[in-house]
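To start, the structure under review is shown below, and the notes come after it.
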Amino acid sequence: LIQSFNESNASEGISLYIHLPFCESLCTFCGCNKRITKRHEVESPYITAVLKEWGLYCDLFDSKPIIKELHFGGG
């Protein structure tokens, strides 16, 4: 991870994918992990955990990430 980051961040930036697994109904599009729920209060702890994970990655990097692409997907 660190080697790949160091090789590409400054020259071309990085791409991020953030998986948001919560949907109110099941569709045929999603092939990923999903959680069907109408209880939106379950989303906040998940987002908090994703942000904490991002912080852990940032602690590993020697420089500030240059985000060239940001993709959201999920349930």
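The values are calculated or read from the model by the stated rules, or taken from the named source; none is laboratory data. These numbers were taken from a predicted model, which means no experiment stands behind them. Glycine also receives a Cβ, built like all others from the backbone with ideal geometry; neighbour counts cover every protein chain displayed. Protein only, heavy atoms only, side chains kept; ligands, DNA and RNA dropped before computing areas. Shrake-Rupley method; radii C 1.70, N 1.55, O 1.52, S 1.80 Å.
Residue count for the range 14-49 under the criterion of being hydrophobic (A, V, I, L, M, F, W, C) and within 13 Å of the chain's Cα centre (by Cα): the result is 6. Checking each residue in the range 50-72 for being open to solvent by 100 Å² or more (accessible area, probe 1.4 Å) and either more than 19 Å from Gly13 (Cβ to Cβ) or at pLDDT 95 or above (or both) picks out Leu51, Lys52, Leu56, Asp59, Lys64, Lys68.
If the condition is being out of contact with any helix residue (DSSP H, G or I) (no Cβ under 7 Å at 6 or more places or on another chain) and within 20 Å of Leu51 (Cα to Cα), then the range 10-22 contributes Gly13, Ser15, Leu16, Tyr17, His19, Leu20, Pro21.
Counting only residues that are surrounded by fewer than 14 Cβ atoms within 10 Å (Cβ to Cβ), farther than 17 Å from His71 by Cα, without any contact (Cβ under 8 Å) to a residue 24 or more places away in the chain and not polar (S, T, N, Q), the range 1-49 holds 11 of them.
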